[in-house]
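Here the structure is laid out as structure tokens; the discussion comes afterwards.
The values are calculated or read from the model by the stated rules, or taken from the named source; none is laboratory data. The shown structure was predicted, so the numbers you read here are calculated from the model rather than taken from an experiment. Neighbour counts are summed over all protein chains in view; Cβ atoms, including those assigned to glycine, are modelled from backbone coordinates with ideal geometry. Heads up: the accessible areas ignore ligands, DNA and RNA and are worked out on the full protein's heavy atoms, side chains in. Shrake-Rupley method; radii C 1.70, N 1.55, O 1.52, S 1.80 Å.
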Amino acid sequence: GDPVQPPQEGRDVMLAVDLSGSMSEEDMRLGGRSVDRLTAAKAVLADFIERRTGDRLGLIVFGQKAYVLTPLTLDHDTVRSQLGDTLVGLAGRETAIGDAIGLGVKRLHAQPNDQRVLILLTDGVNTAGALDPAKAAELARDEGVRIHTIAFGGDGQSVSFMGMQIQLPGMAPEMDEAGLRAIADTTGGKAFRARDTRELAGIYAEIDRLEPVQRPGEAVLPRLERYAWPLALALACGV
């Protein structure tokens, strides 16, 4: 595995979140109700941010263009607050995946830390921007930035009927899973696919394991208490 870094050397992690028009698709469930993809992603990502104690986090949003909402900081409350204020279409309705990666790499390159990570969440394909995603991935690799990609969205279009969300077969949304896999592979990261909120939460837990949080005087382990408790309970019941 990777060499253990000194505890004070937290990772630099840029979070890139898709705000394109399709993120308004209401094909997710959260707390027993139907919500749009962005609302679901915000809820899960806020939990992830809370667990990354000691890391410098930054937030990029992208649509037709990519913008840094929060520069890399240890102030996670600000990152969470800025994430909470995001809206679908804020950066345009299209999807500039390559530009988002390029911007993330640029911000991470300025840091002396060699633990540089970009986590990219999108529900679409690259339809805008100046930078080709494959070229952006090569740039990231050359700069020592690992990219974990998350393809997020249901398997098809949904409609609301009598208060219920019904999936329509044969109308799967466009999603470039192969392209996202190639980006992760190029940079030594991992590609994920989440079709619902539960899968998305599991992916961020897996990223915690891939990129462990480091704490002074403790073993280098991710902070996964919330996920470990149900498992421990299930194991105890099975004994």
Exercise. Filter the range 30-43 for residues that are in a helix (DSSP H, G or I) and within 19 Å of residue 155 (Cα to Cα) and give the result.
Key: 37, 38, 39, 40, 41
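So which of 92, 54, 104 is open to solvent by less than 10 Å² (accessible area, probe 1.4 Å), in contact (Cβ under 8 Å) with a residue 24 or more places away in the chain and not aromatic (Phe, Trp, Tyr)? Even if it seems obvious, please write down each step before you answer.
Numbers: 92 fails: open to solvent by less than 10 Å² (accessible area, probe 1.4 Å); 54 fails: open to solvent by less than 10 Å² (accessible area, probe 1.4 Å).
Within the list 92, 54, 104, the selection yields 104.
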Self-check item: Number of positions in the range 12-49 that are surrounded by fewer than 22 Cβ atoms within 10 Å (Cβ to Cβ), among the basic types (Lys, Arg) and in contact with a Gly (Cβ under 9 Å, 6 or more places away or on another chain)
Solution: 1
Exercise. Just need a number here: residues in the range 67-89 that are under 15 Å from the mean Cα position of the chain (by Cα) and in contact (Cβ under 8 Å) with a residue 40 or more places away in the chain.
Key: 4
Quiz item: Quick one: residue 84 ticks every box in (1) within 17 Å of residue 45 (Cα to Cα); (2) open to solvent by 50 Å² or more (accessible area, probe 1.4 Å) bar one, so which box is it?
Solution: (2)
Quiz item: From the residues in the range 132-179 that are acidic (Asp, Glu), surrounded by fewer than 14 Cβ atoms within 10 Å (Cβ to Cβ) and over 26 Å from residue 115 (Cβ atoms), which one is modelled with the lowest pLDDT?
Solution: 174
Quiz item: Which members of the range 53-91 meet the condition of being under 19 Å from residue 112 (Cβ atoms), part of a loop (DSSP other than H, G, I, E, B) and either of a type in the set (Val, Ile, Thr) or touching a strand residue (DSSP E or B) at 6+ places or on another chain (Cβ under 8 Å) (or both)?
Solution: 55, 74
Self-check item: the range 99-143: number of residues that are under 21 Å from residue 74 (Cα atoms) and part of a loop (DSSP other than H, G, I, E, B)
Solution: 6
Exercise. Specify the residue that is most open to solvent (accessible area, probe 1.4 Å); the eligible residues are those in the range 107-129 that are polar (S, T, N, Q) and out of contact with any helix residue (DSSP H, G or I) (no Cβ under 7 Å at 6 or more places or on another chain).
Key: 127
